[in-house]
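The values are calculated or read from the model by the stated rules, or taken from the named source; none is laboratory data. Note that the coordinates shown come from a computational prediction; the quantities given were computed from them, not determined experimentally. Counting neighbours? That spans all protein chains shown, and the Cβs are built from the backbone with ideal geometry, glycine included.
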Amino acid sequence: KNQVEQSPQSLIILEGKNCTLQCNYTVSPFSNLRWYKQDTGRGPVSLTIMTFSENTKSNGRYTATLDADTKQSSLHITASQLSDSASYICVVSPFSGGYNKLIFGAGTRLAVHP
Amino acid sequence: KAGVTQTPRYLIKTRGQQVTLSCSPISGHRSVSWYQQTPGQGLQFLFEYFSETQRNKGNFPGRFSGRQFSNSRSEMNVSTLELGDSALYLCASSLAQLTENYGYTFGSGTRLTVV
């Protein structure tokens, strides 16, 4: 069964510190993996998207990595800011021949404290 | 360029009632997908529409239905509401049905509370 597991479920860090969120998936074959940031009560906003052949993708202080062999991805946040407090969702798109079959992880809830 | 617009933002309904939610995609986007998000369940796929046709459907009961109009705007309907239908309903639009290599843009969602 295609699944996406994220860890930790929640995380508290101090402002200015770095953190890494994990995403393990069993989806195969897959087309791409995306990381989204979702503020409370808002829709998810795309941070990065990587195809199966890419290893890393950066977007400002956000860096996503992908290891297709171990089926693991991570999102590293550098020099965290209070505005980084949000849920971070890992989404895998199976290679499904054209239909929208995104598989979502349950998310990691990050709280950045001053 | 305007983003994905969902209306209303908040809604309170009573058990047994029915509700219609609306989603206007980004101009030029022809694919609209709907998701249900509940705490602890994450986002669950409801259905996708492309060019007024439902092309894919998730594992939800028949009480959940949708449609898409010729201008790509989409509506989602839930009949005979249950308490468990309380959730944030999100729609996402993309350029085309072949979504592997296209980005998604989500709306801000409609928060439905069933009492």
Q) Which is within 27 Å of B:Glu48 (Cα to Cα), at pLDDT 95 or above, surrounded by 14 or more Cβ atoms within 10 Å (Cβ to Cβ) and not β-branched (Val, Ile, Thr), of A:Ala64, A:Ala106, A:Ala86? A) A:Ala86
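State whether one or more residues within the stretch B:20-29 are within 21 Å of A:Val92 (Cβ to Cβ), in contact with a Cys (Cβ under 9 Å, 6 or more places away or on another chain) and either β-branched (Val, Ile, Thr) or touching a residue at least 24 places away in the same chain (Cβ under 8 Å) (or both).
Start the filter on the stretch B:20-29 by keeping residues that are within 21 Å of A:Val92 (Cβ to Cβ), which leaves none.
Within the stretch B:20-29 (the criterion being within 21 Å of A:Val92 (Cβ to Cβ), in contact with a Cys (Cβ under 9 Å, 6 or more places away or on another chain) and either β-branched (Val, Ile, Thr) or touching a residue at least 24 places away in the same chain (Cβ under 8 Å) (or both)), the answer is no, since none of the residues qualifies.
For the stretch A:14-49, which residues satisfy the criterion of being β-branched (Val, Ile, Thr), assigned to a strand (DSSP E or B) and either in contact with a helix residue (DSSP H, G or I) (Cβ under 9 Å, 6 or more places away or on another chain) or under 30 Å from B:Arg9 (Cβ atoms) (or both)?
Those that are β-branched (Val, Ile, Thr), assigned to a strand (DSSP E or B) and either in contact with a helix residue (DSSP H, G or I) (Cβ under 9 Å, 6 or more places away or on another chain) or under 30 Å from B:Arg9 (Cβ atoms) (or both): A:Val45, A:Thr48, A:Ile49.
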(Q) Any residue that is within 12 Å of the chain's Cα centre (by Cα), among the acidic types (Asp, Glu) and closer than 18 Å to A:Arg109 by Cα - is there at least one of those in the stretch A:38-53? (A) no
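Conditions (1) within 14 Å of another protein chain (Cβ to nearest Cβ); (2) touching a residue at least 24 places away in the same chain (Cβ under 8 Å), marked per residue:
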{"position": "A:Leu21", "(1), (2)": "no, yes"}
{"position": "A:Phe30", "(1), (2)": "yes, yes"}
{"position": "A:Gly43", "(1), (2)": "yes, no"}
{"position": "A:Met50", "(1), (2)": "yes, no"}
{"position": "A:Thr56", "(1), (2)": "no, no"}
{"position": "A:Tyr62", "(1), (2)": "no, yes"}
{"position": "A:Asp67", "(1), (2)": "no, no"}
Q) Condition test on B:Arg73, is it modelled with pLDDT of 95 or more and within 13 Å of chain A (Cβ to nearest Cβ)? A) no
Q.
Just to check your reading of the model, which residue among B:Leu98, B:Leu43 is facing chain A (nearest Cβ under 9 Å), modelled with pLDDT under 95 and either part of a strand (DSSP E or B) or over 30 Å from A:Met50 (Cα atoms) (or both)?
A. B:Leu43
